[in-house]
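Quick note: the coordinates plus some simple rules give every number you see, no bench work behind them. Note that this is a predicted model, so its numbers are computed, not measured. Ideal geometry is used to build each Cβ from the backbone, glycine not excepted, and the neighbour counts take in all protein chains shown.
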Amino acid sequence: MASRYAVSLTPDLSALIDRSDPHDPIARQFVPDRAELDRQPQETADPIGDDANSPVEGIVHRYPDRVLLKLAHVCAVYCRFCFRREMVGPGRRRALSGAALAAALAYVRERPEIWEVILTGGDPLILSARRLHEVMAALSAIDHVKIVRIHTRVPVAAPSLITAALLRALKAPGKATYVVLHANHPRELTPATRKACARLVDAGIPMLSQSVLLRGVNDEPATLTALLRALVECRVKPYYLHHGDLAPGTSHLRTTIAEGQALVRSLHGRVSGLCQPAYVLDIPGGHGKSPIGPSYIRPASGTAGEQRFEIDDFNGRRHIYPPGSAGG
Ligand code: SF4
């Protein structure tokens, strides 16, 4: 397996594994499993279509007002379910060269419609503070870019890397920097991780989270609730709950969409609105994300000229909106 997909586990995450538990949810995310050799026909090397939307090396331009800028193709840890597992890891694609970075920045500079640049990868926060500072300074100099968003697993995988020098490097004068933390299980929010998040937020960097819905890791209400609450306690707003992508050899970790919708419905009304992420699917082929959460509202038959809806409350009871009409 190690020759097929990259394997790496930091001491921080290794220490979290309960070796007496054959179904440990941390091990399940990072330790290779023979099931990864089982590739389903619908699984593809580039399940969310990065390459189809890459006009120049390092850039993915899928939506009109934002681009991904992939600086590196290495991570602190390698997730067994990664949707870029064919692209990330030692010996996969190389980091952006100076010339390629200059061309990627020129692409952004020449397109005034680009409002947000998302640094992703690979994990941008394993780069040196000096390299990050150079990139942030270059983005700062582009007037129409207002937001720099950084996707990372580092505060979970290697919290000691969130140093004062790194925090200084993440400041882009005149821009808002957001950090989006990838975390999937409440045990990942260790005291060290919580301190790393506090350092980021106290430095004036708002934080959001993204989690992947994973069978045997976080696919039941108590675990997901504990994760989402722990994130909010760390001042990290849950942003996305991703349905598992069709990455090769990951079917043992994917739930069905019906299971995901039932899980999201179980949180509605019972867990604070602060804790509610959007349940989303990246449509295979590079067609972008769409929300796939359960629907609580549907048209109801009404009197002529009046549009009425049937809506479910968090106890599963149905109501007619506007009320007062037949059945309301
Ligand atoms: S940290 Fe992100 S890019 Fe790296 S292996 Fe995990 S999911 Fe993939």
For segment 227-307, the dipole about the Cα centre with charges only on Cβ (Lys and Arg +1, Asp and Glu -1), to the nearest 20 debye, works out at 220 debye
Rg/Rh of segment 119-235 (Cα atoms, Kirkwood Rh), to two decimals, equals 1.00
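Using the Kirkwood radius built from alpha carbon pairs, what does the Stokes-Einstein equation give as D for segment 53-131 at 25 °C and 0.890 mPa s, in µm² per second?
Values: Rh = 13.1 Å.
Roughly 187 µm²/s, to the nearest whole number.
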Computed on Cα atoms, the radius of gyration and Dmax of segment 33-83 in angstrom are 13.7, 41
Answer in debye to the nearest 20: the dipole magnitude of the chain about its Cα centre, from +1 Lys/Arg and -1 Asp/Glu charges placed on Cβ, is 680 debye
The base-10 log of I(q)/I(0) that the Debye equation returns for segment 254-326 at q = 0.11, 0.15, 0.18 Å⁻¹, one scatterer per C-alpha, is -0.40, -0.68, -0.85
Two pseudo-spin positions, 7 Å from Cα along C-beta at Ser272 and at Arg92, lie apart in nanometres by 3.6 nm
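So how do Asp282, Asp65 line up by other beta-carbon neighbours within 10 Å, fewest first?
Values: Asp282 21, Asp65 12.
Ordered by Cβ neighbours within 10 Å, fewest first: Asp65, Asp282.
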The base-10 log of I(q)/I(0) that the Debye equation returns for segment 175-328 at q = 0.17 Å⁻¹, one scatterer per C-alpha, is -1.01
per DSSP, antiparallel bridges as share of beta bridges in the chain, % nearest 5, sits at 35 percent
Taking every DSSP bridge whose two residues both lie in segment 5-159, the antiparallel percent to the nearest 5 is 25 percent
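Can you figure out the FRET efficiency of Arg34 with Ile297, using R₀ = 41 Å and their beta-carbon distance, to the nearest 0.05?
On the way: r = 44 Å, r/R0 = 1.08.
The pair Arg34/Ile297 has a calculated efficiency of 0.40.
Using the Kirkwood formula over every pair of different C-alpha atoms, what hydrodynamic radius in Å results for segment 1-100?
Details: mean 1/r = 0.0645 Å⁻¹.
Computed over Cα pairs of segment 1-100, the Kirkwood hydrodynamic radius comes out at 15.5 Å.
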Stretched fully, the stretch from Thr256 through Arg235 gains (0.36 nm per residue minus C-alpha distance, one decimal, in nm) 4.6 nm
Here the percent of antiparallel bridges among DSSP beta bridges lying wholly in segment 197-317, to the nearest 5, is 45 percent
Taking a crude spin-label model, label points 7 Å out from Cα along the C-beta direction, the Glu113 to Glu134 distance in nm is 3.1 nm
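Can you pull a Stokes-Einstein diffusion coefficient for segment 48-190 at 20 °C (1.002 mPa s), Rh from Kirkwood over Cα pairs, as a whole number of µm²/s? If you can, show how the numbers build up before the last one.
On the way: Rh = 15.5 Å.
Reported coefficient: 138 µm²/s.
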Most exposed to least, judged by fewest other Cβ atoms within 10 Å, His61, His182, His144 sort to His144, His61, His182
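Mind giving me the FRET efficiency for Ala106 and Arg4? R0 is 22 Å, r the Cβ-Cβ distance, nearest 0.05 is fine. Walk me through the numbers on the way to the answer.
Working: r = 36 Å, r/R0 = 1.63.
So the FRET efficiency works out to roughly 0.05.
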Nearest 10, in degrees from 0 to 90: the angle of helix 257-267 to the longest Cα principal axis of the chain is 80 degrees
Charge dipole of the chain built from unit charges on the beta carbon (Lys, Arg +1; Asp, Glu -1), centred at mean Cα; most positive-end Cα among Gly174, Cys82, Leu228 is Gly174
The helix 129-140 Cα axis meets the longest alpha-carbon principal axis of the chain at an angle in degrees, between 0 and 90 and rounded to 10, of 60 degrees
Taking a crude spin-label model, label points 7 Å out from Cα along the C-beta direction, the Glu57 to Thr190 distance in nm is 3.6 nm
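Could you give the dipole magnitude of segment 57-139 about its Cα centre, charging the beta-carbon of Lys and Arg +1 and that of Asp and Glu -1, in debye to the nearest 20? Kindly include the intermediate steps, with their values, before the conclusion.
Numbers: 13 positive and 8 negative charges, 72 e Å.
For segment 57-139, the charge dipole is close to 340 debye.
When the convex hull of the Cα atoms of segment 193-268 is projected onto a plane and the area is averaged over all directions, what value comes out in nm²?
Details: hull surface 22.7 nm².
For segment 193-268, averaging the hull's shadow over all directions gives 5.7 nm².
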Log entry: pair-distance distribution for segment 129-190, C-alpha pairs binned every 10 Å from zero, whole % per bin is 21, 47, 24, 7, 0
If Arg308, Arg168 are placed from fewest to most neighbouring beta carbons inside 10 Å, the sequence is Arg168, Arg308
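Rounded to the nearest angstrom and ordered from largest down, what semi-axes does the equivalent ellipsoid of the chain get from its C-alpha gyration tensor (root of 5λ)?
Details: eigenvalues 229, 129, 88 Å².
Whole-Å semi-axes of the equivalent ellipsoid: 34, 25, 21.
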